[in-house]
Amino acid sequence: MAKAQVTASSHRGAHRRGSVHPAALLAMAALIALPWIEPDKFALHVLSLIAIASIAAMGLQVLLGYSGQLSIGQAAFYGIGAYTSAFLTAKLGVPFPLALIGAGIAAAIASLLMVPITRLTGAYLAVATLGFSIIVYLFIKNEEWLTGGSYGFIGIPRAELFGYVLRDARSSYYLNVGVGAIVYFVFARIEGSRFGRAINAIRQDADAARASGIRVTLLKSECFVIAAFVAGLSGSLYAHEVRYLAPNDFTFWKSIEILIMVVIGGVGSLAGAILGAAVVVGLPEYLRAIGDYRMLVFGAILIATMLFGEGGLAALAATLGRRLHALARRLILKPTASRKAAP
Amino acid sequence: MGALSLSQLIDLVVGGLAIGCVYSLIALGFAMIMRATNIIHFAQGEVMMLGSMCGLTSLWLLPALPLPVVIAVGMASSGLIAVAMELAVYRTLRRRRVPIMNIITATVGMSILCINAARIIWGSEPLRFPELFATTAYDFGGVRMSPQLFWIMVMGVAIMGALQLFLKHTPTGLAMQAVAQDHEAAQLMGANLTRIMAYTFAISGMMAGAAGIMLGSMFFAFFEMGFITGLKGFVAATLGGLGSIAGAMLGGILFGLIETFSTVFLSSAYKDGIGMILLIAILLVLPSGLVGLWQKRR
């Protein structure tokens, strides 16, 4: 079998294969400690929503950032996951962990319908995914017997793990952040893997990748299925977090929101997808005080963020971190350096 | 449902063609911007909505304005808004050489900005246009036709025809075509890129403005009207083959007809979905849209 002769691009994701960045571990520790520092119920709920959104955003990051395929229809898989999980638990009494996996699998199976369109590229692919998401939205809205239609799906039970029902905001926070962390660490391994290098090669030049023996169509479809699977997981977590689903949560705007998370955070960066989710979900909550002008300001901030270039917020944070690090080193090392220079 | 009489069929065709003209005008804007800059301009629907709102406001101020003037007001305001977007935001982004995904996301930001600005300025209630057209049906040798739909078709075709003449027979139009084909070569031939880009946005804004007045007079004007209509315009442009002017016109009219007929014959609840299924099917057969039919395949 021909070996892929394409190296992973070096400007992004500097860390080595299989290793986890120390900053990620630090962030994990902070996330575990957080509910004890900030026990406010609403704040934890918003953080849960951020974790849930970041799962879907990381899925799109694999699709767009790693393999270069633009999807503006991720809300379809998110919605399929949410309603599948709601249906399985509320109507069939399936335990939550199985429903969670089932939601991911249902979304992945739905994405198999999209396999023929992976040969489209760019805007054509975007329009086809948009079309698919509009069809799914109309289905959710019109098939009342299954989804509750415009009235919404009510009576979704709380998530429960091994017989323990997650009643309070803190335990469901741990569930959502936990699933988010698992997705993050699994995806972090993709980047340096054989699969990750192959899809990176596809993103840079599909023809060259094909010439190097990479099965382009197969891998592109796999990315679609992976992104759909995690979008389904995200939808399921959402269903059990808010416990009420309405078709309007799964319109085209949701897809655009997920895309904005990825681009704001920085295309190609997993941590960026999480940062982006935090901005897109958290900022409007934060701006609630200014009422009607909230989304106006959000739009302006979104446009301004686009000026930062390719790396998005992730690159900005990294630059800031490096500067701070250098500054700290200068401040701490200066006395020693001058002492060394004196004799 | 069931058999249709001839006059009902004609009504449907006329309705489909009229809404198709609206989609065509929006799709043209998408296609022109796509050709020149490679960006999917998600704020196109909002440019249309703002044109509709400005036209309606001019009617509030001067109720006696004749239809062509209202259309001109809509076109002018939408054109100016689109140029302002280009000069203030997109050009800055291009100068900073940010990736294309960033510019596309900025157009989404622009769309959010416009929707919410419009909601603050004009409120969130749907606004009805005053009667702009004669109310008694025209009679073309026994075929009755609503004046509104008739004039929308006539104006749509006239505006698109004028655009074609402009692009084919004026130096600026030819320069725009050249820029669309190859930025650098066009620049070497003396085309002023900045100015041509501004013209491109101006013209696509004007097309959207005309569409906004037409659509507003058919239904309502309200702050969210641009969202779904803009998407349909984008779909129509893709259906025709993105970046092709003729394809965008054809795609828009086809999409209008498909939508109108599927509402009657299939299901009104899935009206938007049927168009999408057809779109996906067409893209699978012709990955570069309808223009793939007559363009030689390489």
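The values are calculated or read from the model by the stated rules, or taken from the named source; none is laboratory data. Nothing here was measured: the structure is a model prediction, and the numbers come from that model. Note: ideal-geometry Cβ built from the backbone for every residue, glycine included; neighbour counts use all protein chains shown.
On the stretch given as region B:113-161, residues that are part of a strand (DSSP E or B) and closer than 24 Å to B:Met53 by Cβ total 1.
A quick yes/no check of all residues on (1) touching a residue at least 12 places away in the same chain (Cβ under 8 Å); (2) within 14 Å of another protein chain (Cβ to nearest Cβ); (3) of a type outside the set (A, V, I, L, M, F, W, C); (4) out of contact with any strand residue (DSSP E or B) (no Cβ under 8 Å at 6 or more places or on another chain):
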{"site": "A:Ala107", "(1), (2), (3), (4)": "yes, no, no, yes"}
{"site": "A:Ile117", "(1), (2), (3), (4)": "yes, yes, no, yes"}
{"site": "A:Gly122", "(1), (2), (3), (4)": "yes, yes, yes, yes"}
{"site": "A:Leu125", "(1), (2), (3), (4)": "yes, yes, no, yes"}
{"site": "A:Ile134", "(1), (2), (3), (4)": "yes, yes, no, yes"}
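Is it the case that A:Gly299 is over 17 Å from A:Ile50 (Cβ atoms) and crowded, with 18+ Cβ neighbours inside 10 Å? Answer is yes for this residue.
Quick one: which of A:Ile199, A:Ile182 is surrounded by fewer than 17 Cβ atoms within 10 Å (Cβ to Cβ) and either under 21 Å from the mean Cα position of the chain (by Cα) or on the phi < 0 side of the Ramachandran plot (or both)? Only one candidate qualifies: A:Ile182.
With respect to (1) under 30 Å from B:Trp122 (Cα atoms); (2) more than 14 Å from the chain's Cα centre (by Cα), the lone exception for B:Phe265 is condition (1).
Restricted to helices (runs of 4 or more DSSP H) entirely inside region A:229-332, those with at least 2 residues that are aliphatic (A, V, I, L, M) and within 9 Å of chain B (Cβ to nearest Cβ) are A:252-265, A:294-305.
Take the residues in region B:28-51 that are outside any helix (DSSP H, G or I) and within 21 Å of B:Leu290 (Cα to Cα); name whichever of them is nearest to the other protein chains (Cβ to nearest Cβ). Looking at residues that are outside any helix (DSSP H, G or I) and within 21 Å of B:Leu290 (Cα to Cα), I get B:Ile40. With respect to the conditions (1) away from chain B (no Cβ under 14 Å); (2) surrounded by fewer than 24 Cβ atoms within 10 Å (Cβ to Cβ); (3) more than 16 Å from A:Asn248 (Cα to Cα), A:Leu113 falls short on a single one, namely (1). The helices (runs of 4 or more DSSP H) falling completely within region A:133-205 that include 2 or more residues that are modelled with pLDDT under 85 map to A:169-192. Out of region B:228-243, which residues are more than 8 Å from chain A (Cβ to nearest Cβ) and more than 21 Å from B:Gln181 (Cα to Cα)? The answer is B:Ile228, B:Thr229, B:Gly230, B:Lys232, B:Gly233, B:Ala236.
Of all the listed residues (B:Gly243, B:Gly289), the sole one being in contact (Cβ under 8 Å) with a residue 60 or more places away in the chain and on the phi > 0 side of the Ramachandran plot is B:Gly243. Taking the criterion of being under 22 Å from the mean Cα position of the chain (by Cα) and at the interface with another protein chain (Cβ under 7 Å from one of its Cβ atoms), the only residue of region B:89-102 that qualifies is B:Val89. Applying the criterion of being modelled with pLDDT of 80 or more and charged (D, E, K, R) to the residues of region A:23-47, the residue that is nearest to A:Arg322 (Cα to Cα) is A:Asp40.
Buried (at least 21 other Cβ atoms within 10 Å of the Cβ), touching a residue at least 24 places away in the same chain (Cβ under 8 Å), within 14 Å of chain A (Cβ to nearest Cβ) and not polar (S, T, N, Q): does that describe B:Cys54? For B:Cys54, the condition - buried (at least 21 other Cβ atoms within 10 Å of the Cβ), touching a residue at least 24 places away in the same chain (Cβ under 8 Å), within 14 Å of chain A (Cβ to nearest Cβ) and not polar (S, T, N, Q) - is not met.
The condition (being out of contact with any helix residue (DSSP H, G or I) (no Cβ under 6 Å at 6 or more places or on another chain), within 16 Å of A:Leu275 (Cβ to Cβ) and among the small types (Gly, Ala, Ser)) is satisfied by just one residue among A:Ala43, A:Ala30: A:Ala30. Here B:Val98 fulfils each of the conditions (1) touching a Phe, Trp or Tyr at 6+ places or on another chain (Cβ under 9 Å); (2) in a helix (DSSP H, G or I); (3) without any contact (Cβ under 8 Å) to a residue 12 or more places away in the chain apart from (2). Of the residues making up region B:124-137, those that are closer than 21 Å to B:Phe223 by Cα and loosely packed, with under 13 Cβ neighbours inside 10 Å number 4.
For region B:249-284: of the residues being hydroxyl-bearing (Ser, Thr, Tyr) and surrounded by fewer than 17 Cβ atoms within 10 Å (Cβ to Cβ), which is farthest from the other protein chains (Cβ to nearest Cβ)? Looking at the filtered set, the residue picked out is B:Ser268. Residue under question is A:Leu287, and the condition is that it be free of Cβ contacts under 8 Å to residues at least 12 places away in the same chain, aliphatic (A, V, I, L, M) and under 26 Å from B:Arg95 (Cα atoms); does it hold? Against the criterion (free of Cβ contacts under 8 Å to residues at least 12 places away in the same chain, aliphatic (A, V, I, L, M) and under 26 Å from B:Arg95 (Cα atoms)), A:Leu287 does not qualify. Within region B:162-181, being among the β-branched types (Val, Ile, Thr) and either within 15 Å of B:Met197 (Cα to Cα) or in contact with a His (Cβ under 6 Å, 6 or more places away or on another chain) (or both) holds for B:Thr172, B:Val179.
Inspection of region B:74-86 finds a residue satisfying the criterion of being surrounded by fewer than 21 Cβ atoms within 10 Å (Cβ to Cβ), modelled with pLDDT of 90 or more, part of a helix (DSSP H, G or I) and within 14 Å of chain A (Cβ to nearest Cβ). The set of residues in region B:138-172 that are more than 24 Å from B:Leu65 (Cβ to Cβ), loosely packed, with under 15 Cβ neighbours inside 10 Å and over 22 Å from the mean Cα position of the chain (by Cα) comprises B:Asp139, B:Phe140, B:Gly141, B:Gly142, B:Val143, B:Arg144, B:His169, B:Thr170, B:Pro171.
Residues that are in a helix (DSSP H, G or I) and either more than 14 Å from every other protein chain (Cβ to nearest Cβ) or within 17 Å of B:Ser24 (Cβ to Cβ) (or both) within region B:211-227 comprise B:Ala211, B:Gly212, B:Ile213, B:Met214, B:Leu215, B:Gly216, B:Ser217, B:Met218, B:Met225, B:Gly226, listed in sequence order.
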